[in-house]
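Quick notes on the structure that follows.
The values are calculated or read from the model by the stated rules, or taken from the named source; none is laboratory data. Keep in mind the model is a prediction, meaning the values are calculated, not measured. Cβ placement follows ideal geometry from the backbone for every residue including glycine, while neighbour counts extend to all protein chains displayed.
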Amino acid sequence: MSEAVLSIRRPAVRLHTLLLGSLALCAAASVGYWAVEYRGWERTNDAFLEGHIVFLSPRVAGQVREVHVDENQHVRRGDLLVRLDPADFEARVARAHADLDSARNGMVKARAAADAASAQIAAEEVHLRNAEQRLARARQLFDRGILSQTLFDDAKAARDGAAAQLDAAQERERAERATLGNEAPLRQAEAALREAELALEHTEIRAPADGRIGKRSAEPGAFVSPGQPLIAFSEDAAVWVTANFKETQITAMRPGAAAEIRVDAFPDLLIRGRVESLAPATGAKYALLPPDNATGNFTKVVQRLPVRIAIDSIEGAAAGRPPQMAVGLSVNVRVQVD
């Protein structure tokens, strides 16, 4: 072979060697990236921010008098949100106060009547002793033949009458003491007053915690009933992530495992968290009409299991002032597995 041909083939061999080397490096880099980024992690984009959302409702019926908040407004714990017209409830409190005063007066009267009955017993005991003394003297005179049978019978009747009066006074005292010891009317009046005061307190709907107002349906002048939703309230502090992993992804997933969260609305933020718990049933079982696989033709569908992930920290450009994490935002989650 001539030297010219050899000189042409040597660059081609070098180019081929360089190309193979580059492909090998790319393959090694890809394998390394997969080992670092993917191996040992499970991912899902079927995940959302969750939080405590409650619909605040009145506990009493009435007419809305004041509404102090608007939709999307931030409020503090204890802030007044809605006030119902308290006029009817104030009247009930006043009537309950009057009933309680009447019950207390009844107890005072019963105590006075019991004291009067005790005094009457003392008086009747004196009358009885006097009647017994007269009967004793009359018996002595009757035995000596000085006193007639009629006068002796009158003295004996007087003694018996005094004894009967004493028994009647004692019965009255027992009855009055029993009335005095029965505090049920007083307790009932006190309970009615407390119930009226609670109803008056319930005319004010206040924020149960720091949070934001969502949908507001309360309007001044509207008549509302107990349990009727007036304000949707979202609590600030309680925010977590519910990630719906496929059943094939949870084999090695355990509570306490590290998690990384990316919010679609804030891609610059990296949220670190941990797995709190795995649901005891798949999402399909929580549906209003769960599928019944025992009927009809069965088609196997990969199920998803809700996994609750707690938020520990936020990293990124806006970590110093993290944005408002609205409940329901879509997120991407990856969880480290064994």
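Structure values in brief
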| item | result |
| --- | --- |
| Test: ASP85 is surrounded by 13 or more Cβ atoms within 10 Å (Cβ to Cβ) and in contact with a strand residue (DSSP E or B) (Cβ under 8 Å, 6 or more places away or on another chain) | yes |
| Filter result for the condition that a residue is within 60 Å of the chain's Cα centre (by Cα) and surrounded by 13 or more Cβ atoms within 10 Å (Cβ to Cβ), over ASP101, ASP79 | ASP79 |
| So ALA123, is it over 20 Å from GLY214 (Cα atoms), surrounded by 15 or more Cβ atoms within 10 Å (Cβ to Cβ) and not assigned by TED's automatic domain parsing to the domain that holds LEU305 | no |
| Filter result for ALA222 (over 30 Å from ASP338 (Cα atoms), in contact (Cβ under 8 Å) with a residue 60 or more places away in the chain and more than 26 Å from the chain's Cα centre (by Cα)) | yes |
| Subset tally (residues that are at pLDDT 70 or above and not charged (D, E, K, R)) for the stretch 172-186 | 4 |
| From the options ASP99, ASP115, ASP88, residue that is out of contact with any helix residue (DSSP H, G or I) (no Cβ under 7 Å at 6 or more places or on another chain), modelled with pLDDT of 85 or more and not in a loop (DSSP other than H, G, I, E, B) | ASP88 |
| Residue match in the stretch 129-145 (condition: among the acidic types (Asp, Glu), farther than 30 Å from ALA209 by Cα and either part of a strand (DSSP E or B) or out of contact with any helix residue (DSSP H, G or I) (no Cβ under 9 Å at 6 or more places or on another chain) (or both)) | yes |
| Count - residues of the stretch 252-303 that are among the polar types (S, T, N, Q) and without any contact (Cβ under 8 Å) to a residue 24 or more places away in the chain | 4 |
| Strands (runs of 3 or more DSSP E) within the stretch 205-289 that include 3 or more residues modelled with pLDDT under 90 and surrounded by 15 or more Cβ atoms within 10 Å (Cβ to Cβ) | 231-246 |
